[in-house]
1. Conditions: (1) within 14 Å of another protein chain (Cβ to nearest Cβ); (2) within 9 Å of DNA strand E (Cβ to nearest atom); (3) surrounded by 13 or more Cβ atoms within 10 Å (Cβ to Cβ). Residue C:36 meets all but one. Number of the miss?
2. Mind checking which residues of the stretch D:131-156 are free of Cβ contacts under 8 Å to residues at least 40 places away in the same chain and either within 9 Å of chain C (Cβ to nearest Cβ) or within 17 Å of the chain's Cα centre (by Cα) (or both)?
3. Tell me which residues, restricted to the stretch A:67-77, are surrounded by fewer than 18 Cβ atoms within 10 Å (Cβ to Cβ) and in contact with a helix residue (DSSP H, G or I) (Cβ under 7 Å, 6 or more places away or on another chain).
4. Among the residues of the stretch B:101-114, is any crowded, with 20+ Cβ neighbours inside 10 Å, away from chain A (no Cβ under 13 Å) and within 26 Å of residue A:174 (Cα to Cα)?
5. If you take the residues of the stretch D:21-32 that are closer than 18 Å to residue D:118 by Cα and within 14 Å of DNA strand E (Cβ to nearest atom), which of them is surrounded by the most Cβ atoms within 10 Å (Cβ to Cβ)?
6. In the stretch A:173-193, which residues are facing another protein chain (nearest Cβ under 7 Å) and at pLDDT 90 or above?
7. Could you please give the count of residues in the stretch B:115-124 that are out of contact with any helix residue (DSSP H, G or I) (no Cβ under 8 Å at 6 or more places or on another chain) and more than 8 Å from every other protein chain (Cβ to nearest Cβ)?
8. Output the residue which, of all residues in the stretch B:42-61 that are buried (at least 18 other Cβ atoms within 10 Å of the Cβ) and under 23 Å from the mean Cα position of the chain (by Cα), is farthest from DNA strand E (Cβ to nearest atom).
DNA sequence: TATGAATGAGCTTTCATTCAT
DNA sequence: TATGAATGAAAGCTCATTCAT
């Protein structure tokens, strides 16, 4: 009975609920998140949702973990330093294009992190990892000569993080804004010729 | 008597309710905004709130207008071009320090603008004005020689806007992050020597 | 200060409020009766309404008295017996045409009389007087030969009362229904040739 | 299991709520109809009421349908024409005795029909059917000789409808009034010897 | 494992009434 | 005498959660 299939059934259901919640949050924000809608989007009854997640908070925690893991996947790149940075931005651009919900959800999580310790812990940790990765690349690029020696790598990394978050998680107007923001960011890091 | 004080009494109450709502949104987000809490924070009964604002939405609209006007006040600066930009950043820094709720509220409004046309209109308009002001300064600074000639003033302005929004409206970790982000932004615009 | 003018001022205000309430009840029923609307229809503030009537119930009581008095005015007619009955019906017809609100309000009061002892007392009393008047005329007409001798004057009077109330206080479809109901009622009482 | 019982469970609950609302309206009028009271009279929570009826209006619509259907059941009688009319009146008398709430509710609906299009449509339609049935019987009775040939069958039917509504849906004083009104009505239609 | 049914707690909004002026 | 402002009490409705099956 407690076969691996059984537990993977559970995992599948949970995952389907998390994805449904993910979509609902992207569309309606936490403000408009309704367990009934999530369940119905996942094709099950509300009671079933509570069978897999004891509470709405628990579901949100799972969405949080899902989003964070999804985002961290952008951080794993290989190649020379400059290449890694370029790939990182390319990965972000692609993610914004292919999975805009992720950034909507991350925006919601960012604001929620100010109020909810559970969210804060995981969210801040992810942002910290992200910043550290960027900082590391900038320093390394300075050492191996592929990038200018950074005067203040911490500040530079913070600027990158802030700019990407501002541009991708908040609606800034026309989509072109996002494109040009990324471009300018790359220019300011000497990742682009023009 | 229908003295000017009479009408300002109403304005005062409305303003006090808006400020209370402002604080509540900053603290709990739209998600946790409760008319009863707003009223109680303003020291009145819920029914009194509805005496001044026909609905919760109307109250939110007033908060929106208040926040936008508050933010736009940072845009009015004088002096040489470089000075104006520096003053603009100084003003933002001061505002973040003295009135952090404004940025919390603006973050909430930013996310809400994706769903609520009323919010979108006013919010996007404010962001647009902001970007255009920055763009104008960059171009002007390039012409009068106080700043480098911008290769792509639109993109540069977008980056500034995105970075400031990301840094000020989202919790990025320690407060130091915000300081260094601003510093680096100024450096990247050649507003700082070091 | 306590001059007759003062008290007639009061009486005027009260009367204007009662007439406003009268109209509101006719239009929206007791279900939709709002003191604010009454006051506003009378051109005064709600608080003023409460200055003249201690409570909504008191206002309703005044409306009740007004309506009953208004209706009783139909009962005072002179002439021969058959003429008196004919005039009574003519008076009702005219009243229905010129002041339909009265019947709307009386319908509301009729239903309310089932629940509200204050209304019941006055309303039933009025209906009783009315029935007795009709009964008296039928008996008298039988005696002086102007009408057939009634077999059961009580029942006949009850039928008249019920029919008039049903026809005038309840919406029965096209207005023609009311006309033909009155006509048939007169026929059944031998007040009409055809 | 999706057995027929399952759906009748829902129907039963709905019916029990409708009956509770029915009673509440009879007792307190639409004016005093409270969903909480209805729910509590049906032995359930208010939220349960809203589980079965999306809104108070929907509940009222169901009460309307119930009352109309209940009333129309009086119209289905068989036998000779005079007999049918007599049976119709007997049925009404019985209904008034056994289910007085129906007439209280119908009175409320009659008044509401002046304001609420939904009520008006169904209510007027029922009254029209009723009048047409009576008219038809009067005409048929005239033809087959069991009743006098009606001079004005429309007016006669209207009088019957008005009288029955006035007598049964409005409180006219002592219950005896209703009895004698019915008796007199039958006499006027030659359905009674004396 | 899954669900229809049920509910407690709470939300926004309304309204008759009061009170200071 | 009249009002703008304020409020307590409730109303209709919603929602996360529970429970019997």
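The values are calculated or read from the model by the stated rules, or taken from the named source; none is laboratory data. For clarity, every value in this text was computed on a predicted model and none was experimentally measured. No Cβ is skipped: glycine too gets one built from the backbone with ideal geometry, and neighbour counts run over all protein chains shown.
1. Here residue C:36 clears every test but (3).
2. Passing the criteria: D:131, D:132, D:151, D:152, D:154, D:155, D:156.
3. A:70, A:72, A:75, A:77
4. yes
5. Looking at the filtered set, the residue picked out is D:30.
6. Narrowing the stretch A:173-193 to residues facing another protein chain (nearest Cβ under 7 Å): A:173, A:177, A:180-181, A:183-185, A:188.
Scanning the stretch A:173-193 gives A:177, A:180, A:181, A:183, A:184, A:185, A:188.
7. Number satisfying all stated conditions: 3.
8. Across the stretch B:42-61, the extreme among qualifying residues is B:42.
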